[in-house]
1. Taking the stated definitions as given, is L255 out of contact with any Lys or Arg (no Cβ under 7 Å at 6 or more places or on another chain), open to solvent by less than 50 Å² (accessible area, probe 1.4 Å) and modelled with pLDDT under 95?
2. Taking L64, is it assigned to a loop (DSSP other than H, G, I, E, B), outside the structural domain of I167 (by TED's automatic domain parsing) and in contact with a strand residue (DSSP E or B) (Cβ under 6 Å, 6 or more places away or on another chain)?
3. Any residue at all in region 168-180 that's open to solvent by 50 Å² or more (accessible area, probe 1.4 Å), part of a strand (DSSP E or B) and touching a residue at least 24 places away in the same chain (Cβ under 8 Å)?
4. The conditions are (1) within 16 Å of ligand 2 (Cβ to nearest atom); (2) of a type outside the set (S, T, Y); (3) assigned to a helix (DSSP H, G or I); (4) in the same structural domain as V351 (by TED's automatic domain parsing), and M243 fails exactly one of them. Which is it?
5. Looking at region 234-241, can you tell me whether even one residue there is of a type in the set (F, W, Y), crowded, with 18+ Cβ neighbours inside 10 Å and out of contact with any helix residue (DSSP H, G or I) (no Cβ under 6 Å at 6 or more places or on another chain)?
6. So A282 ticks every box in (1) in a loop (DSSP other than H, G, I, E, B); (2) within 20 Å of the chain's Cα centre (by Cα); (3) away from ligand 2 (no atom under 16 Å from the Cβ); (4) hydrophobic (A, V, I, L, M, F, W, C) but one. Which box is left unticked?
7. For region 191-206, state whether one or more residues are at pLDDT 95 or above, outside any helix (DSSP H, G or I) and within 16 Å of ligand 2 (Cβ to nearest atom).
8. Please enumerate the residues belonging to region 91-115 that are open to solvent by less than 20 Å² (accessible area, probe 1.4 Å), closer than 30 Å to P232 by Cα and assigned to a helix (DSSP H, G or I).
Amino acid sequence: MKIAVLPGDGIGTEIVKEAVKVLHALDLPFEMEQALVGGAAYDAHGHPLPESTLKLAMDADAVLFGAVGDWKYDTLDRPLRPEQAILGLRKHMGLFANFRPAICYEQLVGASSLKPELIAGLDILIIRELTGDIYFGQPRGRRTAVDGHFPGAEEAFDTMRYSKPEIERIAHVAFQAARKRNKKVTSVDKANVLETFQFWKDVVTEVHKQYPDVELQHMYVDNAAMQLVKAPKAFDVLVTGNMFGDILSDEASMLTGSIGMLPSASLNSKGQGLYEPSHGSAPDIAGKGVANPLATILSAAMMLRFSLNQPEAADRIEAAVQKVLAQGLRTPDIYSEGTTKVGTAQMGDAVVQALA
Ligand code: IPM
Ligand code: MG
């Protein structure tokens, strides 16, 4: 079992360290190799995704990823910015299926900005298509407008596009995931305005014929944004394109009160996966030892389940996380009165102890 460990920037290095600690404590025959990615790789090698890092990731069974990005790189040319590392990994590894669960842990109901009754027991799964859409569509760029409201003016443009096979494969992923859950899929589109998403809706409807046991609902993205805060528990599996999924998954993560708790998995058709917390590099708290490592530790659990065929080990990690929460241990992002505030490393150590 080969794991490429890519901590990245900001709190990435601190939280991945804790996840690696937890993996070591499982006493399984892992081979872990670490490499630079993002701004850290740019500083050392002049590129956010060096050839050697990409090769390590492509040759591994799974990638454990921290986070990339820092304000200080915002003025670099786009191809050299840290974010290009994660986009490049998704593209080169073909990681088209992104799983972003939003689960509200019983002990953290009070941490949400929503009323407890709206989110107690929340367990939804956002499945975001990750290698298509306006994120990767060509052409894109800047030019002089030849038409539109201001011909002759400087303009910028991107291309939103989806091919039929791209929509079909993510629809299959969603229906199959729903079969293992509450058998309901909400496909989120903007078919009332966009050609791309009318096509999305048509293709999802067609694939659905192979899953008569799963309920399919279509919802416009603006309405989905509203329903997520109005009645989030009405969702089971939500499937959508790359752009809408980026936005809705951040929204959904906050329902749980703590983006610091949410893992994610990005899978390709070969079972390889990249596992990362749903949150970013948080440069404002980097180096302070206060970041919540639980999302990354839970991402390692997803890795054991989806890419390394170690479901028992995954269960053990998840149970250990529940246990430390029940013990009242909290990093500052999830702290509330009456609980015990701990730092990043203490939280990691507590999870290791809870594994025993
Ligand atoms: C995410 C992030 C990335 C995205 C950025 C860092 C490129 O926001 O994983 O959701 O937009 O996909
Ligand atoms: Mg995002």
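1. The answer is yes for L255.
2. So L64 does not fit the description; no.
3. no
4. Unmet for M243, out of (1) within 16 Å of ligand 2 (Cβ to nearest atom); (2) of a type outside the set (S, T, Y); (3) assigned to a helix (DSSP H, G or I); (4) in the same structural domain as V351 (by TED's automatic domain parsing): (4).
5. Checked against the condition, which is being of a type in the set (F, W, Y), crowded, with 18+ Cβ neighbours inside 10 Å and out of contact with any helix residue (DSSP H, G or I) (no Cβ under 6 Å at 6 or more places or on another chain), region 234-241 yields at least one hit.
6. Evaluating A282 over (1) in a loop (DSSP other than H, G, I, E, B); (2) within 20 Å of the chain's Cα centre (by Cα); (3) away from ligand 2 (no atom under 16 Å from the Cβ); (4) hydrophobic (A, V, I, L, M, F, W, C) leaves (3) as the failure.
7. No, the conditions are met nowhere in region 191-206.
8. L108
The values are calculated or read from the model by the stated rules, or taken from the named source; none is laboratory data. Please read these numbers as outputs of a predicted model, since none were measured by experiment. When we count neighbours, we look across all protein chains shown, and the Cβ atoms used for this are built from the backbone with ideal geometry, even at glycine. Surface accessibility is based on the protein's heavy atoms, side chains included, excluding ligands, DNA and RNA. Shrake-Rupley method; radii C 1.70, N 1.55, O 1.52, S 1.80 Å.
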